[in-house]
Amino acid sequence: MAHSNISIFVPHVGCPHTCSFCNQRTITGVEQIPNADDVRETCTRALSEVADYKSTEIAFFGGSFTAIPRDYMLELLNAAFEFVGNDKFGGIRISTRPDCIDEDILALLKAHGVTAIELGAQSMSDKVLKANERGHTSDDVIRASELIKQNGFELGLQMMTGLFQSSSADDIYTMQEIIKLKPKTVRIYPVAVLKGTKLASLYQSGEYKLVSFDEMVKLCVEMLKAFHNAEIDVIRCGLHSSETVEQDIVAGFYHPAFREICISQLFRYAIEKYADKSIKTEVYVSGSSISTAVGHKKANKQYFEENGYIIDFKVDNTLEKDEIRINKDVYNVFEIT
Ligand code: SF4
């Protein structure tokens, strides 16, 4: 059964920083901070809607959870903890900054039912962290990641691509360093330049230049493959779609179907590698992947037509969602070199 979250957003409250890209109100789409009653209400409603409680976590996202005032953090955790355990949800998930993790806070989190901790690493280059005013170093990410794992929590790491002063090589370096830390999950956020942020000013002054959308897709495709091959789940690639992000976006790589566009590219590469241009090729994929294989707005279908291929997309539900079959040969699109 797939894992899912009951998401509760705790915006910028308590955060001592203003990172170059951050406008938490826009990213989370909420201005009001939740209280214990809001948490109980959300969890009660979710209990009546979610079929598989055990695979579901209550997730506090959006800010730096362990940096918010301690009383407030405990108020939220205590309310959530009432909904964890037998016949209830599987645990609590939080996201925070790498420099807001120590043994004491981990003991507190464990005592209140937290099972997974995601760190906003963003980059493993100290030059990039400094240029984007993160206020922590790559060593903080390493230290916090080790502590989290040693204390028995599931580790998640979040990274951004295309930040100010981060080249594609810097982004690949970050990916490699993250793989070394062996997190269970990763989120990849191609940068979205939002109104009112330092990145927006740098972009408008011409000091901050971005690669093209297609180049960013290509980079993220490489990352999806590398994480897959390292057996690390990429649980998000691209900001989740939200009206407020759409209203406040100035530049960058926000697209509501960003991940699907990347996976479609993997299908394209695989088909191109194994299809024979001189004859019609029947390409089989699972029913759940047919639209991804055909491409966002049929981009792959069009690409093959324009490049002289005759591809007939067909469904074979014995295939896994990441597989294609051409004749009798089955390929995993993440494993094509
Ligand atoms: S630490 Fe997180 S919440 Fe604080 S400014 Fe940076 S991104 Fe925003």
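The values are calculated or read from the model by the stated rules, or taken from the named source; none is laboratory data. Just so you know, these numbers come straight off a predicted model, no measurement behind them. Because the Cβ atoms are built from the backbone with ideal geometry, glycine has one as well, and the counts that use them run over all protein chains shown.
Here are a few things to note about the model shown:
- Breaking point among (1) of a type outside the set (Ser, Thr, Tyr); (2) in a helix (DSSP H, G or I); (3) at pLDDT below 95, for Glu31: (2)
- Failed item in (1) modelled with pLDDT under 95; (2) assigned by TED's automatic domain parsing to the domain that holds Tyr203; (3) of a type in the set (Lys, Arg), with Lys277 passing the rest: (2)
- Where Leu147 falls short, out of the listed (1) more than 25 Å from Leu224 (Cβ to Cβ); (2) in contact (Cβ under 8 Å) with a residue 60 or more places away in the chain; (3) more than 15 Å from the ligand (Cβ to nearest atom): (2)
- Among the conditions (1) within 17 Å of Asn5 (Cβ to Cβ); (2) within 16 Å of the ligand (Cβ to nearest atom), Thr197 misses just one, which is (1).
- Test for Ala36: is it modelled with pLDDT of 90 or more, farther than 17 Å from Phe61 by Cβ and more than 15 Å from the ligand (Cβ to nearest atom): yes
- Filtered residues of segment 77-107 (kept if part of a helix (DSSP H, G or I) and away from the ligand (no atom under 16 Å from the Cβ)): Leu77, Asn78, Ala79, Ala80, Phe81, Glu103, Asp104, Leu106, Ala107
- Matching helices (runs of 4 or more DSSP H) fully within segment 123-219 where at least 2 residues are closer than 29 Å to Gly91 by Cβ and under 19 Å from the mean Cα position of the chain (by Cα): 138-150, 168-180
- Helices (runs of 4 or more DSSP H) contained entirely in segment 238-337, each with at least 1 residues that are farther than 30 Å from Pro11 by Cβ: 258-274, 290-294, 299-306
- Candidate set from segment 108-129 (those that are away from the ligand (no atom under 16 Å from the Cβ) and of a type in the set (Gly, Ala, Ser)); member that is farthest from Cys22 (Cα to Cα): Ala111
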